[in-house]
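Scroll down for the structure; my scribbles are underneath it.
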Amino acid sequence: MDITFDRETHVYRVDSRKVDSVTQILEILAPYAGVHPDILEAARQLGTNVHLTTELHDRGDLDEERLDPLLLFYLDGWKNFLSDTGFTITHIEEIVYSKTYNYIGTFDRAGILNGKECVLDIKTTAFQSKTHPLQLAAYGQAFKESGGFKSPNRYTLRLTPAYPRGYRLEQHEDKLDLSNFLACLTVHNLKKR
C-alpha cells in the first residue's frame, strides 16, 4: 500500500486514491464555528510550528539557539511533560490508515505512559474540544489496523504557558468515542454524495 501526504493541500492518498482525513471528517461538528478566519489561521500556524518544534526535538534535530522565543515556551512545556511523566516515545508523527472504515490521519506520538501503550495528540489550545477524544479514538483504531498497539490509552496534551509546568494532560476513556467518530464519518460520507 502506497500512502502519500501533501502538506500544502492537506491531501492524503492511498494507492493514488484520495482518502479523507480524521480532521476533515470531524469538521462536521464545526468545533471552530464563529471564530474569525484570521484567528484560526494564526492558531493553525502556531500549532504547526509547535508540532514541528517538538518533532525536531524528539528526533534530535532541533537547534534551540535559532528557535523563536515564543516557541521556547511550548518546548519547555513539552520537555517538562517528558521529564515529569517519563513518557517513552515509540512513534513520531505517524500516518495511519483504516482500511476497514477508509479514513486516514497522522497522530502526533505513540509510546508508553505509566507503563501502558498510548496514542497522544499535542494541542496548543487552552480548551478541550469535543473533537479531541473522537480524533484520538480514530487514530487508535487506524493504528491498531496498521499493526500498532491493540488497545491504546488515549491522551490529549495541551501545551500552553498558561498551565503550571506549561502543559495539561487529559486522558480520554469514553468507550463511545470511536462509535461517535464513526457516526461523524457516516454523515461526512452522506454529505459528500
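Within the range 143-156, the presence of a residue that is in contact (Cβ under 8 Å) with a residue 60 or more places away in the chain and either hydrophobic (A, V, I, L, M, F, W, C) or under 29 Å from MET1 (Cβ atoms) (or both) is excluded. Within the range 33-48, is even one residue under 24 Å from ILE89 (Cα atoms) and touching a residue at least 60 places away in the same chain (Cβ under 8 Å)? Within the range 33-48, one or more residues are under 24 Å from ILE89 (Cα atoms) and touching a residue at least 60 places away in the same chain (Cβ under 8 Å).
How many of the residues in the range 127-147 are outside any helix (DSSP H, G or I) and more than 16 Å from the chain's Cα centre (by Cα)?
2
For the range 102-118, the count of residues that are within 24 Å of LEU40 (Cβ to Cβ) and either out of contact with any helix residue (DSSP H, G or I) (no Cβ under 9 Å at 6 or more places or on another chain) or among the small types (Gly, Ala, Ser) (or both) is nonzero.
The residues on offer are LEU29, LEU75, and the sole one that is modelled with pLDDT of 95 or more, aliphatic (A, V, I, L, M) and within 28 Å of PHE127 (Cβ to Cβ) is LEU75. The single residue among VAL50, VAL35 that is in a loop (DSSP other than H, G, I, E, B), closer than 28 Å to GLN171 by Cβ and of a type in the set (A, V, I, L, M, F, W, C) turns out to be VAL35.
Of all residue pairs spaced 6 or more apart or on separate chains, those with beta-carbon atoms under 7 Å, a first member in the range 67-90 that is within 17 Å of PRO161 (Cβ to Cβ) and in contact (Cβ under 8 Å) with a residue 60 or more places away in the chain and a second member that is charged (D, E, K, R) and part of a helix (DSSP H, G or I) are GLY77/ARG165; ASN80/ARG165; ASP84/ARG165.
A quick yes/no check of all residues on (1) at negative phi; (2) modelled with pLDDT under 95; (3) surrounded by fewer than 10 Cβ atoms within 10 Å (Cβ to Cβ):
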| residue | (1), (2), (3) |
| --- | --- |
| ARG7 | yes, yes, yes |
| HIS10 | no, yes, no |
| VAL14 | yes, no, no |
| VAL19 | yes, no, no |
| THR23 | yes, yes, no |
| GLY47 | yes, yes, no |
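Contact list please: Cβ distance under 8 Å, first residue in the range 160-174 and within 10 Å of THR124 (Cα to Cα), second residue surrounded by 17 or more Cβ atoms within 10 Å (Cβ to Cβ) and among the basic types (Lys, Arg), pairs at least six apart or on different chains. As it stands, the answer is THR160/ARG168; TYR167/ARG158, since those pairs meet every condition given.
Of all the criteria given as (1) aromatic (Phe, Trp, Tyr); (2) assigned to a strand (DSSP E or B); (3) crowded, with 22+ Cβ neighbours inside 10 Å, the one not satisfied by TYR97 is (3).
One residue stands out in the range 139-154 among those that are among the charged types (D, E, K, R) and touching a strand residue (DSSP E or B) at 6+ places or on another chain (Cβ under 6 Å): the one that is surrounded by the fewest Cβ atoms within 10 Å (Cβ to Cβ), namely GLU145.
What residue, among those in the range 49-64 that are β-branched (Val, Ile, Thr) and in contact (Cβ under 8 Å) with a residue 40 or more places away in the chain, is surrounded by the most Cβ atoms within 10 Å (Cβ to Cβ)? Ranking the qualifying residues of the range 49-64, first place goes to THR54. Just the residues that are of a type outside the set (Lys, Arg) and more than 16 Å from LEU159 (Cβ to Cβ), please, taken from the range 52-63. GLY60, ASP61, ASP63 - these are the residues of the range 52-63 that are of a type outside the set (Lys, Arg) and more than 16 Å from LEU159 (Cβ to Cβ). Within the range 114-123, is even one residue among the acidic types (Asp, Glu) and either assigned to a loop (DSSP other than H, G, I, E, B) or loosely packed, with under 14 Cβ neighbours inside 10 Å (or both)? Among the residues of the range 114-123, not one is among the acidic types (Asp, Glu) and either assigned to a loop (DSSP other than H, G, I, E, B) or loosely packed, with under 14 Cβ neighbours inside 10 Å (or both), which makes the answer no.
The values are calculated or read from the model by the stated rules, or taken from the named source; none is laboratory data. Predicted model only: the values in this text are computed from it and were never measured. Neighbour counts are summed over all protein chains in view; Cβ atoms, including those assigned to glycine, are modelled from backbone coordinates with ideal geometry.
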